[in-house]
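S.K.: Dropping a structure here in structure tokens format, bear with me for questions.
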Amino acid sequence: MQQKKGQKGFSLIELLIVVAIIGIIAAIAIPNLLASRKAANEASAISSLRTISSAEATYSSTVGSGSYGDMNALTNNNLIDAKLAAATTVGTAKSGYMFAITGAGAGGFTTGAAPATSNGGTRKFAGDETGVIVANPTSGAVGSAPTSTAGGTPIGN
């Protein structure tokens, strides 16, 4: 086949070079994107724990008569939204995290957040009636929200 004079276009080699460059850029960018998503999920989990702690304080001083409520009590009194209250399993996780409230009652409460999957985040978080949120508490089984703030490192306010 003869090439006509003035024929324009890209050769196969040029196209392969462009595809290789795009592949290299993607190999660099994708890990950074995943790390950013994990950081965003962790920030969302911390914010959700602060929301639950505030809701617990409101519940205790208004309808709880000094006692703290579980997820259902907080939702029924419109103190947290239904999506947060339902985020208790992998299938219903909110921003990659599962949440739980334990020990709700007159003595206090603990609220915990754990990554639903390895892509959701790398740290667990917990908080209690003091309002302090800690990262990586030692309590709670793998794949479940922490049940105590013991052993955790307080995170910035």
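Please treat every number below as a calculation from the coordinates, not as lab data. Just so it is clear, the structure is predicted and the values come from calculations on it, not from any experiment. Note that each Cβ is placed from the backbone with ideal geometry, even for glycine, and that neighbours are counted across all protein chains shown.
S.K.: Residues of the range 105-114 being touching a Ser or Thr at 6+ places or on another chain (Cβ under 8 Å) and either crowded, with 23+ Cβ neighbours inside 10 Å or free of Cβ contacts under 8 Å to residues at least 24 places away in the same chain (or both), which ones?
M.R.: Scanning the range 105-114 gives T110, T111, G112, A113, A114.
S.K.: Within the range 135-149, does at least one residue satisfy the condition of being touching an Asp or Glu at 6+ places or on another chain (Cβ under 8 Å) and part of a strand (DSSP E or B)?
M.R.: Checked the range 135-149: no residue is touching an Asp or Glu at 6+ places or on another chain (Cβ under 8 Å) and part of a strand (DSSP E or B).
S.K.: Considering only residues of the range 116-132 that are surrounded by fewer than 24 Cβ atoms within 10 Å (Cβ to Cβ) and either acidic (D, E) or touching a residue at least 40 places away in the same chain (Cβ under 8 Å) (or both), which is nearest to G156 (Cα to Cα)?
M.R.: For the range 116-132, the residue satisfying everything is G131.
S.K.: Could I ask something else about it? Under 6 Å by Cβ, and 6 or more places apart or on different chains, what pairs join a residue from the range 39-51 that is within 10 Å of I133 (Cβ to Cβ) with one that is of a type in the set (A, V, I, L, M) and crowded, with 23+ Cβ neighbours inside 10 Å?
M.R.: Listed by first residue and then by second, the contacts come to A45/A113; I46/I133; L49/A113; L49/I133.
S.K.: If you don't mind, there's one more thing I want to ask. State all residues of the range 26-52 that are among the hydroxyl-bearing types (S, T, Y) and more than 16 Å from K124 (Cβ to Cβ); if no residue qualifies, say none.
M.R.: Those that are among the hydroxyl-bearing types (S, T, Y) and more than 16 Å from K124 (Cβ to Cβ): S36, T51.
S.K.: Oh, and also: Among the residues that make up the range 4-25, is at least one of them farther than 27 Å from A135 by Cβ, within 28 Å of the chain's Cα centre (by Cα), free of Cβ contacts under 8 Å to residues at least 24 places away in the same chain and surrounded by fewer than 15 Cβ atoms within 10 Å (Cβ to Cβ)?
M.R.: Checked against the condition, which is being farther than 27 Å from A135 by Cβ, within 28 Å of the chain's Cα centre (by Cα), free of Cβ contacts under 8 Å to residues at least 24 places away in the same chain and surrounded by fewer than 15 Cβ atoms within 10 Å (Cβ to Cβ), the range 4-25 yields at least one hit.
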